[in-house]
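Chemist: Sharing a structure, written as structure tokens. Questions coming.
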């Protein structure tokens, strides 16, 4: 058994990101790695994530470099896309309108702790790989 | 719709880690976050990962803090476990025997680029959450 690995083009990587809705956001504030599973939306070359006010995610992601990974792993075929960029909290009305137009819901919709803070990742680099198992 | 979130105990978190085989390893070398999807094995409170010699994963993970995340997300029920610790490359024969006893296979078994370097994560902290959707 072996495996063919091919690089995805940037367009293929974005197409894959558009099809999925859960990823993992990694941060490195003060050289301390953190990783968070998040719901996301990909739109116009940016990644949107919602979080709760004061969350650790918001604290460590803001104004820092982030890495973001989405994968789908099956027995015959797997995909993984990794994005690098920087995250910011959206504060301007027009940015928030953009973000809300993505229709992003979060897995954890909780009326007691609404995730009404929007993070936007401006992407500097995207890379993806496709793995195909061959006999 | 709302969601009940409960913290997993440390034992429940390790039980979950023992049932899965793919996670994401995040590093923060030089405050540059990186994230890698990896096959892993959990054994005796440690996490084992295989990689290829000279890989970027080996380079940035070694002797540094890492965060490692495993999740399973379904429509009704979701789990996520995050581990913090430090990674090292195994060099001593007895450590390698321990590692090989885990039986860990990698998704990408490639004879041209064998993943014969073992990383071991010594875990300092483990936390897990269970999400249950309720009507």
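Chemist: Of all residues being surrounded by fewer than 16 Cβ atoms within 10 Å (Cβ to Cβ) and assigned to a strand (DSSP E or B) in region B:58-78, which is modelled with the lowest pLDDT? Just the residue, please.
Modeler: B:73
Chemist: What do you reckon, is residue B:88 crowded, with 18+ Cβ neighbours inside 10 Å and touching a helix residue (DSSP H, G or I) at 6+ places or on another chain (Cβ under 9 Å)?
Modeler: no
Chemist: Looking at (1) at pLDDT 90 or above; (2) within 20 Å of residue A:62 (Cα to Cα), which is the only condition residue B:31 fails?
Modeler: Looking at each condition in turn, residue B:31 falls short on (1).
Chemist: Name every residue in region A:24-50 that is facing chain B (nearest Cβ under 7 Å), in a strand (DSSP E or B) and in contact (Cβ under 8 Å) with a residue 12 or more places away in the chain, in order of residue number.
Modeler: Answer for region A:24-50, where residues must be facing chain B (nearest Cβ under 7 Å), in a strand (DSSP E or B) and in contact (Cβ under 8 Å) with a residue 12 or more places away in the chain: A:24, A:26, A:27, A:34, A:37.
Chemist: Another question, if that's okay. Could you pull out the residue among A:81, A:97 that is in a strand (DSSP E or B) and more than 26 Å from residue B:124 (Cβ to Cβ)?
Modeler: A:81
Chemist: Taking residue B:55, is it surrounded by 13 or more Cβ atoms within 10 Å (Cβ to Cβ) and within 9 Å of chain A (Cβ to nearest Cβ)?
Modeler: No, not satisfied.
Chemist: Sticking with this one: Just the residues that are over 21 Å from residue B:69 (Cα atoms) and either modelled with pLDDT of 90 or more or more than 18 Å from the chain's Cα centre (by Cα) (or both), please, taken from region B:110-135.
Modeler: B:110, B:111, B:112, B:113, B:114, B:133, B:134, B:135
Chemist: Continuing with the same structure: For region A:1-23, enumerate the residues that are in a loop (DSSP other than H, G, I, E, B), more than 7 Å from chain B (Cβ to nearest Cβ) and at pLDDT below 95.
Modeler: Scanning region A:1-23 gives A:20, A:21.
Chemist: Here's another thing I want to ask about it. Cβ-Cβ distance below 7 Å, separation of 6 or more or different chains: which pairs start in region B:65-81 with a residue that is more than 9 Å from chain A (Cβ to nearest Cβ) and end on one that is assigned to a loop (DSSP other than H, G, I, E, B) and at pLDDT 90 or above?
Modeler: B:70/B:20; B:72/B:20
Chemist: On to the next question. Answer yes or no as to whether residue A:87 is under 11 Å from the mean Cα position of the chain (by Cα), assigned to a strand (DSSP E or B), modelled with pLDDT of 90 or more and more than 10 Å from every other protein chain (Cβ to nearest Cβ).
Modeler: yes
The values are calculated or read from the model by the stated rules, or taken from the named source; none is laboratory data. If you're wondering where the values come from, they're calculated on a predicted model, not measured in any experiment. Backbone-built Cβ (ideal geometry, glycine too); neighbour counts: all protein chains shown.
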